[in-house]
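K.L.:
Would you mind keeping the following structure in view while I ask a few things?
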Amino acid sequence: MTKPSQTIAVIVAAGRGVRAGGSIAKQWRDLTGRNAVAWSLQAFQDHADIDAIVLVLHPHDLALAAGYSDIIVTKGGADRAASVLFGLQAAAALSPAKVLIHDVARPCVSAQTISNVIAALDDHQGAAPGLALSDALWQGTDGLVADIKPRDDLFRAQTPQGFHFAKILAAHQTYQGPAADDVAVARAAGMTVAIVPGDEDNLKITTPGDFARADRILRGHMDIRTGNGFDVHAFEAGDHVTLCGIEIGHEFALKGHSDADVAMHAVTDAIYGALAEGDIGQWFPPSDPRWKGAASEVFLRHAVTLARDKGFTITHADCTIICEHPKIGPHARQMRENMARIMEIDIERVSIKATTSEQLGFTGRGEGIAASATATLVKS
Ligand code: MG
């Protein structure tokens, strides 16, 4: 539902620029595991004050947006100004109060910059981030400095550029000719535009060097979590143990409320740990008869689903099983396959290994099995 105070973002990604190298348009090139379109979308999707997003794509690129949900995708026009107008028209049905128009080639835009623009629109018809010039400005002629220009009132323009929606839509509808940016269109229509603080990291990627710099900045934005899990189960009378879902014949069984799969429990707790979402005991209390004899796959699947629902991808899990017997090595491959299947990741991302404790302590005396695990999750 739209509300009168709604603020939307129009992300313009219709260009075909390949100046940054390669044969595909720069906004679709790999950038720290994603592309500039995905990074720019994420910046606005993650911002609490943005209510809807319009993505303007080149007509040939519409199929590339097939995986995007919750955004309005529309095709662009012959030049940037035409593309922005199409984007604004696609948003008009929402009757937003404010719109932020962003160039997809600035994938490192920060939440603070977006907030600065939105806040300034309470007092101004337009607002855009600018960076005061710190370098001296020369006018050059034939390789020689011909003049030194005053820089005190000069700014480098960035995006997102924000406007009162109805006013900028009208301005674009009547604008003729090429425009450097949307501020130029707004000013041609008589709108006032405030300059808010920009950000040096909000660079426009144009050259291969810009890609390298954006890559360094975005790595700092990545949400990478590491969790650890540890579990112990004692032996009792029986003829097999279950480790990572694989039954292994043994002179004892492991004692527990569920199937006592100590290794799978450690990995499950590592995932909960990375998410800061408690542990198996909280999600599946031993006091609850539903989990008596349960296959621990239920617990691991729950943690995997929780990770996915919170936007995380499990990129790696490593588990060390600590016992004198049974021998783990002959079963490790099968365990990895089973864990990879449940976690829905490649087997190359699952490590299962074992150690003894040199006959020391409870594992050394053969009283039970311990397992320690680490899981790495990345927000996707
Ligand atoms: Mg356990």
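The rows are residues; the columns are (1) outside any loop (DSSP other than H, G, I, E, B); (2) of a type in the set (Phe, Trp, Tyr); (3) at pLDDT 95 or above; (4) open to solvent by 40 Å² or more (accessible area, probe 1.4 Å).
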{"residue": "Ala179", "(1), (2), (3), (4)": "no, no, no, no"}
{"residue": "Val185", "(1), (2), (3), (4)": "yes, no, yes, no"}
{"residue": "Met191", "(1), (2), (3), (4)": "no, no, yes, no"}
{"residue": "Leu203", "(1), (2), (3), (4)": "no, no, yes, no"}
{"residue": "Phe211", "(1), (2), (3), (4)": "yes, yes, no, no"}
{"residue": "Arg216", "(1), (2), (3), (4)": "yes, no, no, yes"}
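Every residue, every condition in (1) within 19 Å of the chain's Cα centre (by Cα); (2) closer than 30 Å to Arg333 by Cβ, yes or no:
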| position | (1), (2) |
| --- | --- |
| Glu200 | no, no |
| Lys204 | no, no |
| His221 | yes, no |
| His233 | no, yes |
| Ala253 | no, yes |
| Asp261 | no, yes |
| Val267 | no, yes |
| Ala274 | yes, yes |
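K.L.:
Only residues that are in contact with a Cys (Cβ under 7 Å, 6 or more places away or on another chain) and not small (Gly, Ala, Ser): list them for segment 264-307, please. Explain how you work it out, then say what you get.
P.N.:
Keep residues of segment 264-307 that are in contact with a Cys (Cβ under 7 Å, 6 or more places away or on another chain), which gives 264, 266-267.
Matches in segment 264-307: Met264, Val267.
K.L.:
While we're on this one: Tally the residues that are part of a strand (DSSP E or B), among the polar types (S, T, N, Q) and more than 38 Å from the chain's Cα centre (by Cα), restricting the search to segment 360-380.
P.N.:
Adding up the residues that qualify gives 0.
K.L.:
Name the residue that is nearest to the ligand (Cβ to nearest atom), counting only residues in segment 238-251 that are assigned to a strand (DSSP E or B) and free of Cβ contacts under 8 Å to residues at least 60 places away in the same chain. If you could, list the steps in order and put the result at the bottom.
P.N.:
The first filter runs over segment 238-251 and keeps only residues assigned to a strand (DSSP E or B), leaving 240-243, 246-249.
Going one step further and asking which of them are free of Cβ contacts under 8 Å to residues at least 60 places away in the same chain, we end up with 240, 242, 247.
On the way: His240: 17, Thr242: 11, Glu247: 17 Å.
Checked segment 238-251; the qualifying residue nearest to the ligand (Cβ to nearest atom) is Thr242.
K.L.:
Filter segment 217-237 down to the residues that are within 23 Å of Phe312 (Cβ to Cβ) and either away from the ligand (no atom under 15 Å from the Cβ) or outside the structural domain of Arg365 (by TED's automatic domain parsing) (or both) and list them by number.
P.N.:
Within segment 217-237, Ile217, Leu218, Arg219, Gly220, His221, Met222, Asp223, Ile224, Arg225, Thr226, Gly227 qualify.
K.L.:
Let me ask something additional. Being within 16 Å of the ligand (Cβ to nearest atom), among the acidic types (Asp, Glu) and part of a helix (DSSP H, G or I) is the requirement here; does Asp259 meet it?
P.N.:
no
K.L.:
In segment 37-76, what residues are open to solvent by 60 Å² or more (accessible area, probe 1.4 Å), hydroxyl-bearing (Ser, Thr, Tyr) and touching a residue at least 24 places away in the same chain (Cβ under 8 Å)?
P.N.:
Once the filter is applied, which keeps residues that are open to solvent by 60 Å² or more (accessible area, probe 1.4 Å), hydroxyl-bearing (Ser, Thr, Tyr) and touching a residue at least 24 places away in the same chain (Cβ under 8 Å), segment 37-76 yields only Tyr68.
K.L.:
As an exercise: evaluate Ile195 against (1) touching a residue at least 60 places away in the same chain (Cβ under 8 Å); (2) open to solvent by 60 Å² or more (accessible area, probe 1.4 Å); (3) assigned to a loop (DSSP other than H, G, I, E, B) and give the number of the one condition it does not meet.
P.N.:
(3)
K.L.:
In addition: In segment 135-163, what count of residues is obtained for those that are farther than 21 Å from Ser110 by Cα and either touching a residue at least 12 places away in the same chain (Cβ under 8 Å) or aromatic (Phe, Trp, Tyr) (or both)? Lay out the reasoning, then the answer.
P.N.:
Of the residues in segment 135-163, the ones farther than 21 Å from Ser110 by Cα are 135-154.
Of the ones still in play, those that are also either touching a residue at least 12 places away in the same chain (Cβ under 8 Å) or aromatic (Phe, Trp, Tyr) (or both) are 135-138, 148-151, 154.
So the count comes out to 9.
The values are calculated or read from the model by the stated rules, or taken from the named source; none is laboratory data. These numbers were taken from a predicted model, which means no experiment stands behind them. FYI the Cβ positions are ideal-geometry reconstructions off the backbone, even for glycines, and counts take in every protein chain you see. Calculation scope for accessible area: heavy atoms of the full protein, side chains included, ligands and nucleic acids excluded. Shrake-Rupley method; radii C 1.70, N 1.55, O 1.52, S 1.80 Å.
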